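Scroll down for the structure; my scribbles are underneath it.
The values are calculated or read from the model by the stated rules, or taken from the named source; none is laboratory data. Everything numeric in this text was worked out from a predicted model, so none of it was measured. Cβ: placed from backbone, ideal geometry, glycine included. Neighbour counts: every protein chain shown.
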Amino acid sequence: MSTYAPGRPPQRPYARRPGLPAGVTPPAGARDAQEWHVTADAPRGVHAPPELVQLLTPEGERVEHPDYDIELTAEEVRSLYRDLVLVRRVDLEAVALQRQGELGIWASLLGQEAAQIGSGRALTDADMAFPTYREHGVAWCRDVDPVKLLGLFRGVSNGGWDPAEHNFHLYTIVIGSQALHAVGYAMGIQRDGAEAATIVYFGDGATSQGDVNESFIWASVFNAPIVFFCQNNQWAISEPLEKQSKIPLYKRASGFGFPGIRVDGNDVFACLAVTRRALQNARDGQGPTLIEAFTYRMGAHTTSDDPTRYRLADELEAWKLKDPIERVKAYLFKNQLADQEFFEKIDAEADALGKDVRSRCLALPDPPPRAIFDHVYAGAHALLDEEREQYLTYLAGFER
Ligand SMILES: Cc1ncc(C[n+]2csc(CCOP(=O)(O)OP(=O)(O)O)c2C)c(N)n1
Ligand SMILES: [Mg+2]
């Protein structure tokens, strides 16, 4: 039975967000709460809101979708579950390491595992991914050793991995800039005639950046083989989604001339199905797609942030009921596709991974100071050589 009630008003109106001036009301045009901000307030039963592609409900029920269905074997579902659990474990270990002073900072993916594993597992080896700083789950799918991610946040590496080796670009902190790099890359492989697509990750906040909007234009007019994967986790640090857009983010695409689609970002099946289709369309010469993965950042923005200063605890509690891992577990259990032994095995593997990641992180060597000059350019560069020499002379001054 459907528990979705169209037109149901939000239980916690916009004006009640902490920190907003008294009397602030929802923006004009935001009367349809379901369309405007399908938050945790909106229950999703068997029938999701029509604009949101969902294949697995929070209760672990499989639902049909006329355009985006997917056939997954039991083995494939178990494998997705394993991915979800392991990346969450790496993430939790990283947060703990930061709290113990072993990392400078960490940007947690908590709550966004399905968006990242679903989209990451849709990629072929030949596809290229451009991440932000939070795509630890996609890095996992691209076989980047998690310790390399930790090295970056520990400050002992200036990049971490070879993008060409993993078809996974370096993390980008400058919001939205990777969207332009990705479109440039996509236009390159288009000219090479490659059987490949590009995917670029960014957040809801990044959609307000000029770089992202410029990249939409370039991708559209050149029909670039790219998927824009926006993880709408409802927050850009302390800035709520309402301050980024007056329309649902996926609808922005139509103004640029390409399709946009909203998917349940906590549903790994739906994220896989929708991304797989969008990537195939890109490879087939049909140009870009914007995917808005509707999800929630369950943790802080980074370990330097305290979300209790700007959002209410009930929002988090409501989203916990939509946990991306629990619904796959429920599905596996209900359909007898996995038994207790399987879940215990995965938990044990996760604990072993956490331990391994921790010990290897602590053993990471400090790089020599001169390493900052390595890999800045592909080849030699006269100015950089000069700066390196100056710096080495400066350092040598301390040894006298
Ligand atoms: C160009 C630029 N402006 C501002 C910042 C500071 N900043 C870092 S993260 C962030 C919010 C990004 O939010 P969103 O795009 O939603 O991604 P999320 O962190 O939620 O994954 C901002 C403003 C930055 N890194 N780069
Ligand atoms: Mg965000």
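Residue check: Met128 meets all listed conditions (1) buried (at least 24 other Cβ atoms within 10 Å of the Cβ); (2) within 20 Å of Leu92 (Cα to Cα); (3) of a type outside the set (D, E, K, R); (4) touching a residue at least 40 places away in the same chain (Cβ under 8 Å) but one, namely (2).
Filtering segment 172-209 to residues that are within 18 Å of Asp127 (Cβ to Cβ) and assigned to a loop (DSSP other than H, G, I, E, B) leaves Thr172, Gly193, Ala194, Glu195, Ala196, Ala197. Taking every residue in segment 297-318 that is within 19 Å of Glu113 (Cβ to Cβ) and pairing it with any residue that is part of a helix (DSSP H, G or I), at least 6 positions away or on another chain, the pairs with Cβ-Cβ distances below 6 Å are Ala300/Pro307; Thr303/Gln98. Apart from one condition, Ser119 fits all of (1) farther than 20 Å from Gln178 by Cα; (2) within 16 Å of ligand 1 (Cβ to nearest atom); (3) not charged (D, E, K, R); the exception is (1). Counting only residues that are part of a helix (DSSP H, G or I) and either among the acidic types (Asp, Glu) or over 20 Å from Ser157 (Cα atoms) (or both), segment 373-391 holds 7 of them.
Yes/no matrix, rows are residues, columns are (1) touching a residue at least 40 places away in the same chain (Cβ under 8 Å); (2) crowded, with 20+ Cβ neighbours inside 10 Å; (3) part of a strand (DSSP E or B):
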residue: Tyr250; (1), (2), (3): yes, yes, no
residue: Thr275; (1), (2), (3): yes, yes, no
residue: Ala278; (1), (2), (3): yes, yes, no
residue: Ala282; (1), (2), (3): yes, yes, no
residue: Gly285; (1), (2), (3): yes, no, no
residue: Glu292; (1), (2), (3): yes, yes, yes
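Within segment 304-331, the residues that satisfy the criterion of being touching a helix residue (DSSP H, G or I) at 6+ places or on another chain (Cβ under 8 Å) and either exposed (fewer than 14 other Cβ atoms within 10 Å of the Cβ) or under 20 Å from Val63 (Cα atoms) (or both) are Pro324, Ile325, Val328, Lys329, Tyr331.
Number of residues in segment 204-221 that are away from ligand 2 (no atom under 12 Å from the Cβ) and of a type in the set (Asp, Glu): the value is 2.
Matching residues to (1) under 10 Å from the mean Cα position of the chain (by Cα); (2) among the aromatic types (Phe, Trp, Tyr); (3) in a loop (DSSP other than H, G, I, E, B):
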{"site": "Gly104", "(1), (2), (3)": "no, no, yes"}
{"site": "Leu109", "(1), (2), (3)": "yes, no, yes"}
{"site": "Ile117", "(1), (2), (3)": "yes, no, no"}
{"site": "Asp125", "(1), (2), (3)": "no, no, yes"}
{"site": "Thr132", "(1), (2), (3)": "yes, no, yes"}
{"site": "Val138", "(1), (2), (3)": "yes, no, no"}
{"site": "Val144", "(1), (2), (3)": "no, no, yes"}
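Out of the residues in segment 210-248 that are of a type in the set (D, E, K, R) and outside any helix (DSSP H, G or I), state the one that is nearest to ligand 1 (Cβ to nearest atom). Step by step, filter segment 210-248, then rank; the result is Glu239. Within segment 332-346, can one find any residue that is under 32 Å from the mean Cα position of the chain (by Cα), buried (at least 16 other Cβ atoms within 10 Å of the Cβ) and closer than 30 Å to Gly160 by Cβ? Within segment 332-346, one or more residues are under 32 Å from the mean Cα position of the chain (by Cα), buried (at least 16 other Cβ atoms within 10 Å of the Cβ) and closer than 30 Å to Gly160 by Cβ. Do we have Leu152 as out of contact with any Ser or Thr (no Cβ under 8 Å at 6 or more places or on another chain), crowded, with 18+ Cβ neighbours inside 10 Å and in a helix (DSSP H, G or I) here? In short, yes.
Hey, any hits in segment 170-186 for a residue that's among the hydroxyl-bearing types (Ser, Thr, Tyr) and over 19 Å from the mean Cα position of the chain (by Cα)? If you could, list the steps in order and put the result at the bottom.
Step one: of segment 170-186, the residues among the hydroxyl-bearing types (Ser, Thr, Tyr) are 171-172, 177, 185.
After this cut, where a residue has to be over 19 Å from the mean Cα position of the chain (by Cα) as well, the list is 185.
Yes; the residues of segment 170-186 include at least one that is among the hydroxyl-bearing types (Ser, Thr, Tyr) and over 19 Å from the mean Cα position of the chain (by Cα).
Kindly indicate whether any position in segment 138-157 is at pLDDT below 95, away from ligand 1 (no atom under 15 Å from the Cβ) and at negative phi. Walk me through it before giving the result.
Of segment 138-157, the ones at pLDDT below 95 are 157.
Applying the additional criterion that residues be away from ligand 1 (no atom under 15 Å from the Cβ) yields 157.
Among the residues that remain, those that are also at negative phi are: 157.
Yes; the residues of segment 138-157 include at least one that is at pLDDT below 95, away from ligand 1 (no atom under 15 Å from the Cβ) and at negative phi.
Per the listing Val200, Val183, the residue uniquely away from ligand 1 (no atom under 16 Å from the Cβ), surrounded by 24 or more Cβ atoms within 10 Å (Cβ to Cβ) and among the β-branched types (Val, Ile, Thr) is Val183.
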